[in-house]
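Colleague: Can you read through this structure? Questions will come right after.
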Amino acid sequence: MKSISEDGKTISIHKFEGLDNPVRKRESGDKLALILDVETTGLSADIDKIIQLAIRPFYLDPETYEVTGIARKTVLYNDPGEPLREEIVNITGITDEDLKGEKIDWEWVRSALHKPEIIITHNVAFDRKFVEKALAEAGLNYTDGPVWCCSMRQVEWHDVCRPSNALEVLCAWSGFFYDAHKADADVDALLHILRRENKLKELVTRGTSPEYRVFAVNAAYEMNSELKRRWYRWDPSVKIWWKGFEDSEQADEEIEWLNENIDDVEPQVFEVEAKHRYSPE
């Protein structure tokens, strides 16, 4: 917990040393979930590679969203075949010597990722793209897997921290710090803060619900700035602006707004299943 000094001018936070022992073993009806994190040689999945992958499975009561058990953590290392940039060494603490000769068993990873009902990462758009690319390069398909939930985007964190939703910042505002940017530490810190701030129910509920995407088809070029102001995103693959909603009624209201405010638009809405929301394809 955060400790505030008597004069109210100083706040002390503690170091998170690791997860507690399991509350109890898995019982009938508990969901198996896992938290995943990767460290990489850079930010582009097109050219960069995974150097560390950590998986922390745990059990979740589907009625109370209580963590009922925590399983053993797996941490894997991968030699990228080239020296790490100094920037990456400084950020992660991982060195070329740590990775020398190491190779991830991607067949084991694929099997592990099919076992849970839910996979949680703090930036699914980043982690999943790297993982699926690595699986593809290993000649392994990853299909019909579980739902991936994004704790960065599918949790309202403003009651914890307004300036940032970066994991180490959220943890500091929640009252603890840890060895950030190491996958093995990140997965434990993420589960810890989700439990500590009672965010698992929100994350799982939002993460396993469908998304309704409204596409502003044929919107006039002159209206791009207006769409940006309304938080639309550009999809370069189809060259259309779109915006996602968790509720179908909100999507219908957005279509009405588009028809009333955007010239020449022909809005369309598509329902995206939860398991396909963050798929790179």
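The values are calculated or read from the model by the stated rules, or taken from the named source; none is laboratory data. Only a predicted model underlies this, so the values are computations on that prediction, with no experimental measurement involved. Note that we place each Cβ from the backbone using ideal geometry, even for glycine, and neighbour counts take in every protein chain shown. Only protein heavy atoms, including side chains, enter the accessible area calculation; ligands, DNA and RNA are left aside. Shrake-Rupley method; radii C 1.70, N 1.55, O 1.52, S 1.80 Å.
Colleague: Out of 199, 15, 115, any idea which swings most in a Gaussian network model of the chain, alpha carbons joined below 10 Å?
Modeller: 15
Colleague: Something else: Out of 202, 256, 102, any idea which swings most in a Gaussian network model of the chain, alpha carbons joined below 10 Å?
Modeller: Answer for the Gaussian network model of the chain: 256.
Colleague: In a GNM of the chain with a 10 Å cut-off on Cα contacts, which of 111, 237, 44 has the highest mean-square fluctuation?
Modeller: Largest GNM mean-square fluctuation: 237.
Colleague: Place a +1 charge on the Cβ of each Lys and Arg in segment 228-280 and a -1 charge on the Cβ of each Asp and Glu, then give the dipole magnitude about the Cα centre in debye, rounded to the nearest 20.
Modeller: 560 debye
Colleague: Could you work out the relative contact order of segment 110-172, using alpha carbon pairs under 8 angstrom and six or more residues apart, expressed as a whole percent? Spell out each step's value before the answer.
Modeller: Numbers: 54 pairs, mean separation 23.9, N = 63.
That works out to 38 percent.
Colleague: Just to verify a number: what accessible area does residue 153 come out at with the full protein assembly present, 1.4 Å probe, Å² rounded to tens?
Modeller: The value for residue 153 is about 150 Å².
Colleague: Still on this structure: Assigning unit charges at the beta carbon (Lys, Arg +1; Asp, Glu -1) and nothing else, what dipole magnitude in debye, to the nearest 20, does the chain show about its Cα centre?
Modeller: Computed about the Cα centre, the dipole is about 780 debye.
Colleague: Just checking my list (i) 21.5; (ii) 20.8; (iii) 18.8 against Kirkwood radius over Cα pairs in Å computed from this structure; which label fits?
Modeller: (ii)
Colleague: Moving to a separate point now. Taking Cα pairs under 8 Å and at least six residues apart, what relative contact order does the chain come out at, in percent?
Modeller: It rounds to 18 percent for the chain.
Colleague: At 1.4 Å probe size, with every protein chain present, just tell me what the per residue accessible area of segment 184-281 comes to in Å².
Modeller: With the other protein chains kept in place, segment 184-281 gives 59 Å² per residue.
Colleague: Using Cα-Cα distances under 8 Å and only pairs 6 or more residues apart, what relative contact order does segment 110-222 have, in percent?
Modeller: 25 percent
Colleague: Here is a follow-up. Counting heavy atoms of the protein chains only and a 1.4 Å probe, report the per residue accessible area for segment 52-158 as a whole number of Å².
Modeller: With all protein chains present, segment 52-158 gives 49 Å² per residue.
Colleague: Now for a separate question. Would you work out what percent of the accessible area of the chain, with all protein chains in place, is carbon or sulfur (probe 1.4 Å)?
Modeller: Carbon plus sulfur share of accessible area: 45 percent.
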